[in-house]
Amino acid sequence: MKIASLETTIVRLPFDKPIRTPVHYIETLENVLVTLRTDEGLEGISYLWAFGLSRARVLEAMVRDLYSVVEGSDPRQRLALWDAMRRDLNFLGRGGVGYFALSALDTAMTDIAARAAGEPMWRFLGGAERELEAYAGGMFLSDQIETIVEEAQGYVKQGYRSIKMRVGAADAQEDVARVAAVREAIGPHTRLLLDVVQGWSMTDAIKRARSLEPYDIFYIEDPLLYDELDAMAALASAIDTPIAAGENNYGKEEFLRLIQSGAVDIPMIDLQRVGGISEWLRAASLCEAHALPVVPHVFHEISVHLAMAAPNVLFLEHVPWWDRLFDKPPQLQDGKLRPGSEPGLGLRFAQDAIETYRAER
Amino acid sequence: MARETRPETSATDGPGGGRSLIERVETSLLALPLDPPFTAAIRRFDRVYCILAEIACGDGAVGVGTGFAFSSGDAKVILSAIQAAKPVLLGASTSQPEKLWRQLSDNATFLGRSGAASSAIGILDTALWDLHAKKAGMPLWRMLGGAQDQVIAYASGGSLGLSNDELVAEMQGFVDAGFAAVKLKIGRQDWHEDIERLAECRTALGDRVRIAADANQSWSLKETVQRAGHLAQFDLWWLEEPLPCDAFEELGEVRASVPMPLASGETNANLSDFARLLNGRAVDILMPNVQRVGGITPWRKIAAAAEMRNVPIGAHVQPEIQMHLMCAVPNGLAVEHVAWWPWPYEEPLSFEGGMAKPPEAPGLGVTLDRDFVNRHRVGHPS
């Protein structure tokens, strides 16, 4: 079996409501859809996402560049090919754009390998089928308190047992007021997670974190710039609330450093930055060896398979932005997700969505 | 979600008013065949690609930045990352390179601050400093501080693909041309051949010529320590990149136990990587590549951090740019003249008595050789 062709398509999905934050104004979500085909006609898919067409084009160019390393090879040798791609990235640099492309090709090759074996991905990876809780995220800073309270209550009604809200307003007291209002609205039994999106600085991070602790926060995500590990470790040791971070990190080596620095209690692993399914599982194992849980960053339609194979997955992040890309995306039931039984990832790109939202060359 | 900053184009005019704002950013890709090919421990090079960025202002001033890649695919990724950076530059003032660098870096945060995005910023930042110095009417090395009037130039070659005789002839040729310092590649499959080749070079060149050896990340910690024992007899100027670029702790262990100076850094990109190399006392000579680190703006910070620890900073390829950087700072060690590597400039650097002197023309002081550019251009200009 040999990899015979690569197809890439850029698809721009418009948001129903633009996302506004102090640092964002985002109207569309750009995706690079990746399909690998073998000489025997098997297909494997993956996708990358970014905000901005020009960035998606950078990712697409990188996928096409790195493809030359795997073209003509047997995709079932994916771990050896992973290593070959990593070595090829010496020039452009490990991490960054190169790892996005490595991730896309690895995930598509793994999809082919599972389809060739006739097994759904979770079973191919040695996992046991289980239902997994998903958390809802939203509640952006640009929305008024009444709006996010309503949004939070809506999530609880849909069956979510964990919800995530953004904090990091310029005025620390505003964060306290918003968190207090949401906690009061959802009651004591729903887990409340906070996402700072790297927005705090060490001048007041400890004070801000402590001011939010009375509201029973399950964890605080990305409190500081992602590579300020010493500062994050100091914050972690000064507060009682666990810190979650890692969605901006590339490769298992960065996770090793993140863990060893003592900066993080709950590593979050992003499929398109870490290096695809193969490296995602290695990073998760590394966390398991250090007795840490992990949380997948977005990609729930793929993460749901990985979570069956990685016993330390705590729950899944459920952001439905990408559902439109697929014919039959996994559906949430009573706040939980479960993988399908079709071979591979069990995902097919929705042709009508591609035709509607395809970006011009 | 990842942190993201929207490009903010500056409306603040620098000296000269609105006409001095950036109007165009144009790129070209040149394919330059190498005959014969060059072989290092890490790979064989059949051609090099030159990525050319020209940033033009309304007042007619043009800044030139050049970069490189070893495959057309890699070059295209860097070019597309330059496209993604353009909105930050168009309409901006060139009088605040630090501010523009921060905006370029924030714009690239989603794609990662290392890798191709960093190379793209590196090429653009170099063009911006060229513009900044041209507008000030000063050569870049003086603009950046002008700590030295000249530095050592060394001739870099020694492809692993050369026979021992060819290698010795090439090195002898460098010395005959006036160089008093040379660098060659090591990392042959059989490391005993590295020892033989160095022995022949040392015998032919005599004791006074400085010889550096570059293993291009091909050895392990123990291999390096063992082989360094054998290399000690050749009085190496430095041993370069014996280990993978991100083996920070291992590099520190090697440095503590080998007799010759250790150089590394050309493959690292993040400022935090250089902090780790310096804090971990992992190098005797730091060698950042100006393109990979994201340009002259971060290069200066790396050089200053090295100076604070009494660590000299070495050049990595791109001599016409490195010439300015080496002379700008007090700890600039030497310029690397890569004999096999062509660049599209009209003025070749002059080397007299093994020393290189920076030009006095404003900016980088280079003029693009348009015939050369047109002859080697691949694809359409954008």
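So which strands (runs of 3 or more DSSP E) are wholly in the stretch A:256-325 and hold at least 2 residues that are without any contact (Cβ under 8 Å) to a residue 40 or more places away in the chain? It would help to see each step written out before you state the result.
On the way: elements: A:266-270, A:295-297, A:316-318.
Filter on the stretch A:256-325 gives A:266-270.
Considering only residues that are within 11 Å of another protein chain (Cβ to nearest Cβ), part of a strand (DSSP E or B) and touching a helix residue (DSSP H, G or I) at 6+ places or on another chain (Cβ under 9 Å), which ones fall in the stretch A:18-30?
Hits for the stretch A:18-30 are A:29, A:30.
Which residue out of A:155, A:160 is under 22 Å from the mean Cα position of the chain (by Cα), away from chain B (no Cβ under 14 Å) and assigned to a loop (DSSP other than H, G, I, E, B)? Outline the logic, then answer.
Details: A:155 fails: assigned to a loop (DSSP other than H, G, I, E, B).
Testing whether each residue is under 22 Å from the mean Cα position of the chain (by Cα), away from chain B (no Cβ under 14 Å) and assigned to a loop (DSSP other than H, G, I, E, B) leaves just A:160.
Considering only residues that are in contact with a helix residue (DSSP H, G or I) (Cβ under 7 Å, 6 or more places away or on another chain) and either assigned to a loop (DSSP other than H, G, I, E, B) or farther than 26 Å from residue A:46 by Cα (or both), which ones fall in the stretch A:230-246? Spell out the reasoning first.
Residues of the stretch A:230-246 that are in contact with a helix residue (DSSP H, G or I) (Cβ under 7 Å, 6 or more places away or on another chain), as a first pass: A:235, A:238-241, A:243, A:245-246.
Answer for the stretch A:230-246, where residues must be in contact with a helix residue (DSSP H, G or I) (Cβ under 7 Å, 6 or more places away or on another chain) and either assigned to a loop (DSSP other than H, G, I, E, B) or farther than 26 Å from residue A:46 by Cα (or both): A:235, A:238, A:239, A:240, A:241, A:243, A:246.
Looking only at the stretch A:61-70, count every residue that is buried (at least 24 other Cβ atoms within 10 Å of the Cβ) and at the interface with chain B (Cβ under 9 Å from one of its Cβ atoms) and tell me the total.
Counting residues in the stretch A:61-70 that are buried (at least 24 other Cβ atoms within 10 Å of the Cβ) and at the interface with chain B (Cβ under 9 Å from one of its Cβ atoms) gives 4.
Considering only the stretch A:255-268, I want to know if a residue exists there that is surrounded by fewer than 24 Cβ atoms within 10 Å (Cβ to Cβ), under 20 Å from residue A:166 (Cα atoms), touching a Phe, Trp or Tyr at 6+ places or on another chain (Cβ under 9 Å) and within 14 Å of chain B (Cβ to nearest Cβ).
No, the stretch A:255-268 contains no residue that is surrounded by fewer than 24 Cβ atoms within 10 Å (Cβ to Cβ), under 20 Å from residue A:166 (Cα atoms), touching a Phe, Trp or Tyr at 6+ places or on another chain (Cβ under 9 Å) and within 14 Å of chain B (Cβ to nearest Cβ).
So which of B:168, B:225 is in contact with a helix residue (DSSP H, G or I) (Cβ under 8 Å, 6 or more places away or on another chain) and more than 27 Å from residue B:268 (Cβ to Cβ)?
Details: B:225 fails: more than 27 Å from residue B:268 (Cβ to Cβ).
From the options B:168, B:225, the qualifying one is B:168.
Among the numbered criteria (1) on the phi > 0 side of the Ramachandran plot; (2) surrounded by fewer than 17 Cβ atoms within 10 Å (Cβ to Cβ), which one does residue A:188 miss?
(1)
I'd like the full set of residues that are within 14 Å of chain B (Cβ to nearest Cβ) and not in a helix (DSSP H, G or I), limited to the stretch A:71-95.
In the first step, residues of the stretch A:71-95 are kept if they are within 14 Å of chain B (Cβ to nearest Cβ); the result is A:71, A:83-95.
Correct list: A:71, A:89, A:90, A:91, A:92, A:93, A:94, A:95.
Please go through the stretch A:134-160 and pick out each residue that is surrounded by 18 or more Cβ atoms within 10 Å (Cβ to Cβ) and touching a residue at least 40 places away in the same chain (Cβ under 8 Å).
Within the stretch A:134-160, A:134, A:135, A:136, A:137, A:139, A:140, A:141, A:160 qualify.
Could you list, in sequence order, the residues of the stretch B:323-348 that are crowded, with 16+ Cβ neighbours inside 10 Å and farther than 22 Å from residue B:33 by Cβ?
Listed by number, the residues that qualify are B:323, B:324, B:325, B:326, B:327, B:328, B:329, B:331, B:332, B:333, B:334, B:335.
When you scan the stretch B:197-217, do you find a residue that is in contact (Cβ under 8 Å) with a residue 60 or more places away in the chain, among the small types (Gly, Ala, Ser) and in contact with a Ser or Thr (Cβ under 7 Å, 6 or more places away or on another chain), even just one? Quick ask: steps written out before the conclusion?
Within the stretch B:197-217, the subset in contact (Cβ under 8 Å) with a residue 60 or more places away in the chain is B:214-217.
If we keep only those that are among the small types (Gly, Ala, Ser) too, we end up with B:215.
From what is left, the residues that are in contact with a Ser or Thr (Cβ under 7 Å, 6 or more places away or on another chain) are none.
There is no residue in the stretch B:197-217 that is in contact (Cβ under 8 Å) with a residue 60 or more places away in the chain, among the small types (Gly, Ala, Ser) and in contact with a Ser or Thr (Cβ under 7 Å, 6 or more places away or on another chain).
I'd like to check something: does the stretch A:93-114 contain any residue that is over 30 Å from residue A:218 (Cα atoms) and surrounded by fewer than 16 Cβ atoms within 10 Å (Cβ to Cβ)?
No, there is no match, as no residue in the stretch A:93-114 is over 30 Å from residue A:218 (Cα atoms) and surrounded by fewer than 16 Cβ atoms within 10 Å (Cβ to Cβ).
Given the criterion part of a loop (DSSP other than H, G, I, E, B), modelled with pLDDT of 95 or more and basic (Lys, Arg), identify the matching residue among B:142, B:208, B:202. Explain how you work it out, then say what you get.
Values: B:142 fails: part of a loop (DSSP other than H, G, I, E, B); B:202 fails: part of a loop (DSSP other than H, G, I, E, B).
Just a single option satisfies the conditions, and that option is B:208.
Check A:33, A:48, A:53 and return the single one that is in contact with a helix residue (DSSP H, G or I) (Cβ under 6 Å, 6 or more places away or on another chain) and closer than 23 Å to residue A:271 by Cα. Full working, then the answer.
Working: A:33 fails: in contact with a helix residue (DSSP H, G or I) (Cβ under 6 Å, 6 or more places away or on another chain); A:53 fails: in contact with a helix residue (DSSP H, G or I) (Cβ under 6 Å, 6 or more places away or on another chain).
Step by step, each of A:33, A:48, A:53 is checked, and only A:48 is in contact with a helix residue (DSSP H, G or I) (Cβ under 6 Å, 6 or more places away or on another chain) and closer than 23 Å to residue A:271 by Cα.
Does residue A:38 count as surrounded by 18 or more Cβ atoms within 10 Å (Cβ to Cβ) and more than 14 Å from chain B (Cβ to nearest Cβ)?
Answer is yes for this residue.
Taking the stretch A:71-92 as the region of interest, how many residues are buried (at least 24 other Cβ atoms within 10 Å of the Cβ) and among the acidic types (Asp, Glu)?
0
Anything in the stretch B:229-276 that is of a type in the set (A, V, I, L, M), crowded, with 16+ Cβ neighbours inside 10 Å and either within 24 Å of residue B:201 (Cα to Cα) or within 14 Å of another protein chain (Cβ to nearest Cβ) (or both)? List them, or say none. Can you show your working first?
Step one: filter the stretch B:229-276 for residues of a type in the set (A, V, I, L, M), giving B:231-232, B:236, B:239, B:243, B:247, B:251, B:254, B:256, B:258, B:260, B:262-263, B:269, B:271, B:275.
Of the ones still in play, those that are also crowded, with 16+ Cβ neighbours inside 10 Å are B:231, B:236, B:239, B:243, B:247, B:251, B:254, B:258, B:260, B:262-263, B:269, B:271.
Selection gives B:231, B:236, B:239, B:243, B:247, B:258, B:260, B:262, B:263, B:269, B:271.
Could you check the stretch B:170-192 and list, in sequence order, the residues that are more than 26 Å from the chain's Cα centre (by Cα) and either in a strand (DSSP E or B) or exposed (fewer than 14 other Cβ atoms within 10 Å of the Cβ) (or both)?
So in the stretch B:170-192, the residues more than 26 Å from the chain's Cα centre (by Cα) come out as B:189-192.
B:189, B:190, B:192, listed by residue number.
Which of the residues spanning the stretch B:57-76 are assigned to a strand (DSSP E or B), touching a helix residue (DSSP H, G or I) at 6+ places or on another chain (Cβ under 6 Å) and more than 14 Å from chain A (Cβ to nearest Cβ)? First the steps, then the outcome.
As a first pass, look at the stretch B:57-76 and keep what is assigned to a strand (DSSP E or B): B:57, B:62-69.
Those left that are additionally touching a helix residue (DSSP H, G or I) at 6+ places or on another chain (Cβ under 6 Å): B:57, B:63-65, B:67, B:69.
Correct list: B:57, B:63, B:64, B:65.
I'm told residue B:114 meets every condition in (1) hydroxyl-bearing (Ser, Thr, Tyr); (2) closer than 20 Å to residue B:235 by Cα; (3) surrounded by 18 or more Cβ atoms within 10 Å (Cβ to Cβ) except one. Can you identify the failing condition by its number?
(2)
Considering each residue of the stretch A:96-133, count those that are within 12 Å of chain B (Cβ to nearest Cβ), out of contact with any Lys or Arg (no Cβ under 8 Å at 6 or more places or on another chain) and touching a residue at least 40 places away in the same chain (Cβ under 8 Å), and give that number.
1
The values are calculated or read from the model by the stated rules, or taken from the named source; none is laboratory data. Computed from a prediction, not measured in an experiment: that's the story for all the values here. In this analysis, Cβ positions are derived from the backbone assuming ideal geometry, glycine residues included, and neighbour counts consider all displayed protein chains.
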